[in-house]
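To start, I am sharing the structure in question, which I have written as structure tokens.
The values are calculated or read from the model by the stated rules, or taken from the named source; none is laboratory data. A quick note: this is a predicted structure, and the numbers were derived from the prediction, not measured. Note that each Cβ is placed from the backbone with ideal geometry, even for glycine, and that neighbours are counted across all protein chains shown. With ligands, DNA and RNA removed, areas are computed over all heavy atoms of the protein, side chains included. Shrake-Rupley method; radii C 1.70, N 1.55, O 1.52, S 1.80 Å.
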Amino acid sequence: MRKAVIPVAGLGTRFLPATKATPKEMLPVVDKPAIQYVVEEVVSAGLQDVLMITGRNKRPLEDHFDKVDGLEAALAKKGDDKKLAAVRHASELADIHYVRQGDPKGLGHAVLKGRQHVGHEPFAVLLGDDLIDPRSPILPKMIDVAERTGGSVVALMEVPPEAIHLYGCAAVEATDDEEVVKITGLVEKPSPGEAPSNLAIIGRYVLAPEIFDVLETTGPGRGNEIQLTDALQTLTDADGSNGVYGVVFKGARYDTGDKLDYLKAVVQIACDRDDLGSDLKAWLKDYVARID
Ligand code: UTP
């Protein structure tokens with residue numbers, strides 16, 4: 001597998017007004033934008049070709065992964081090698097391409113925009129605002145399951161029953177591998193009582209190219225958007241399909257498009273850093289002792 005698609009064309013309404021003129025994927029998590037963690041995850045899984053599905057405000061994303069000659073020259077002149085390396089790292093990470101979504105008609109519609117670039121190969125999809133702790137990666141296992149089965153694979157996480165209505169939800173059967181389940185049905189953002197399990201789809205997918213034909217004929221679903229979950233539901237029992245599998249994720253994951261999860265991501269990632277962790281933890285302990 002060589003290619004990853006990262007949709008970044010959503011409106012980011014949960015984070016307004018910060019996302020009025022800046023994509024939510026560019027919000028800093030400590031000192032890197034969220035999207036850089038996602039591209040680093042792609043590269044760590046051995047994929048080098050990234051297609052971003054962009055919308056309005058795409059400029060900051062393109063600039064971040066491009067060379068900035070003036071800045072690099074200024075840092076080189078100052079002899080600031082550490083910052084120069086950090087700036088260059090982003091532009092040398094991967095081979096990044098961009099395509100515009102046009103109207104943001106949903107995640108399924110965004111993925112369909114990748115059809116021409118991806119062609120007839122299986123590919124990964126990573127949501128650009130969803131961070132997965134690099135100490136517990138899930139993409140390599142998902143790629144392995146996709147290669148073994150020829151099917152599509154989603155990342156699943158157990159969530160409390162009262163939170164399942166915020167996610168796509170999976171009905172599953174066990175397999176020989178306890179980390180892997182076979183998916184028998186999917187519902188996008190189920191209403192109370194409609195959820196077949198407490199297993200939620202999180203923002204990582206490995207998709208067989210047959211998904212594109214299904215997306216072409218998938219109409220608007222929940223929220224009047226073209227839902228990737230609905231297309232995957234069709235693939236669970238379509239003739240000739242190799243089915244859909246789930247890998248159950250147990251590590252740390254943050255939805256940085258959600259304000260509270262964003263704050264948790266910043267605090268936890270900063271606490272784990274050698275340069276900031278001990279000072280921040282000391283301050284946090286003191287702060288927590290002073291609040292109710
Ligand atoms: P979200 O539902 O989190 O994105 O979509 P959103 O619509 O921007 O968020 P809110 O609810 O308004 O705050 C998940 C991912 O899919 C992308 C988003 O950019 C995000 O990475 N997406 C969503 C698209 O690229 N296009 C779309 O039409 C919808």
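Going by the structure shown, is M142 modelled with pLDDT of 95 or more, assigned to a strand (DSSP E or B) and either of a type outside the set (S, T, Y) or open to solvent by less than 20 Å² (accessible area, probe 1.4 Å) (or both)?
Spelling it out, it is not the case that M142 is modelled with pLDDT of 95 or more, assigned to a strand (DSSP E or B) and either of a type outside the set (S, T, Y) or open to solvent by less than 20 Å² (accessible area, probe 1.4 Å) (or both).
Does D286 meet the test of being within 17 Å of K32 (Cβ to Cβ) and among the acidic types (D, E)? Steps first, answer last, please.
Working: within 17 Å of K32 (Cβ to Cβ): no; among the acidic types (D, E): yes.
It is false that D286 is within 17 Å of K32 (Cβ to Cβ) and among the acidic types (D, E).
Just the residues that are open to solvent by 10 Å² or more (accessible area, probe 1.4 Å) and under 12 Å from the mean Cα position of the chain (by Cα), please, taken from region 37-53.
Hits for region 37-53 are Y37, E40, E41.
Which residues, counting only those in region 147-178, are modelled with pLDDT of 95 or more and touching a helix residue (DSSP H, G or I) at 6+ places or on another chain (Cβ under 7 Å)?
S152, V153, V154, A155
Report the residue count in region 165-179 for those that are within 23 Å of the chain's Cα centre (by Cα) and open to solvent by 10 Å² or more (accessible area, probe 1.4 Å).
Within region 165-179, residues that are within 23 Å of the chain's Cα centre (by Cα) and open to solvent by 10 Å² or more (accessible area, probe 1.4 Å) number 6.
Can you confirm whether region 128-144 contains a residue that is more than 24 Å from E210 (Cβ to Cβ), within 16 Å of the ligand (Cβ to nearest atom) and without any contact (Cβ under 8 Å) to a residue 40 or more places away in the chain?
Within region 128-144 (the criterion being more than 24 Å from E210 (Cβ to Cβ), within 16 Å of the ligand (Cβ to nearest atom) and without any contact (Cβ under 8 Å) to a residue 40 or more places away in the chain), the answer is no, since none of the residues qualifies.
Now for a different question. Consider only pairs whose beta carbons are under 7 Å apart and that are at least six residues apart or on different chains; among these, list those whose first residue lies in region 254-266 and is within 15 Å of R14 (Cα to Cα) and free of Cβ contacts under 8 Å to residues at least 40 places away in the same chain and whose second residue is open to solvent by less than 90 Å² (accessible area, probe 1.4 Å) and within 11 Å of the ligand (Cβ to nearest atom).
Pairs found: D261/D255.
Being aromatic (F, W, Y) and either more than 10 Å from the ligand (Cβ to nearest atom) or under 22 Å from L276 (Cα atoms) (or both) narrows it down to one residue among F15, F65; which is it?
That would be F65, the only listed residue that is aromatic (F, W, Y) and either more than 10 Å from the ligand (Cβ to nearest atom) or under 22 Å from L276 (Cα atoms) (or both).
Per-residue answers, yes or no, for (1) closer than 27 Å to I132 by Cβ; (2) among the aromatic types (F, W, Y); (3) surrounded by 14 or more Cβ atoms within 10 Å (Cβ to Cβ):
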residue: Y205; (1), (2), (3): yes, yes, yes
residue: P209; (1), (2), (3): yes, no, yes
residue: D230; (1), (2), (3): yes, no, yes
residue: D237; (1), (2), (3): no, no, no
residue: G240; (1), (2), (3): no, no, no
residue: G243; (1), (2), (3): yes, no, yes
residue: L263; (1), (2), (3): yes, no, no
residue: W283; (1), (2), (3): yes, yes, no
residue: A289; (1), (2), (3): no, no, no
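Give region 102-126 a look and list any residue that's within 9 Å of the ligand (Cβ to nearest atom), out of contact with any Phe, Trp or Tyr (no Cβ under 9 Å at 6 or more places or on another chain) and closer than 23 Å to V43 by Cβ, or say none.
Residues satisfying the conditions are L107, A110, K113.
Conditions: (1) of a type in the set (G, A, S); (2) surrounded by fewer than 17 Cβ atoms within 10 Å (Cβ to Cβ); (3) touching a Ser or Thr at 6+ places or on another chain (Cβ under 6 Å). G185 meets all but one. Number of the miss?
In the conditions (1) of a type in the set (G, A, S); (2) surrounded by fewer than 17 Cβ atoms within 10 Å (Cβ to Cβ); (3) touching a Ser or Thr at 6+ places or on another chain (Cβ under 6 Å), G185 misses (3) alone.
Follow-up. If you go through region 16-45, how many residues are among the hydrophobic types (A, V, I, L, M, F, W, C) and out of contact with any strand residue (DSSP E or B) (no Cβ under 9 Å at 6 or more places or on another chain)?
Number satisfying all stated conditions: 3.
Hey, can you tell me all the residues within region 223-257 that are on the phi > 0 side of the Ramachandran plot and within 13 Å of the ligand (Cβ to nearest atom)?
Hits for region 223-257 are G223, N224.
I'm trying to understand the selection: among the residues of region 211-222, which are surrounded by fewer than 24 Cβ atoms within 10 Å (Cβ to Cβ) and more than 14 Å from the ligand (Cβ to nearest atom)?
Selection gives F212, D213, V214, E216, T217, G219.
Which members of region 2-22 meet the condition of being buried (at least 18 other Cβ atoms within 10 Å of the Cβ) and either under 12 Å from the mean Cα position of the chain (by Cα) or not in a strand (DSSP E or B) (or both)?
Matches in region 2-22: A4, V5, I6, P7, V8, A9, G10, G12, F15, T19.
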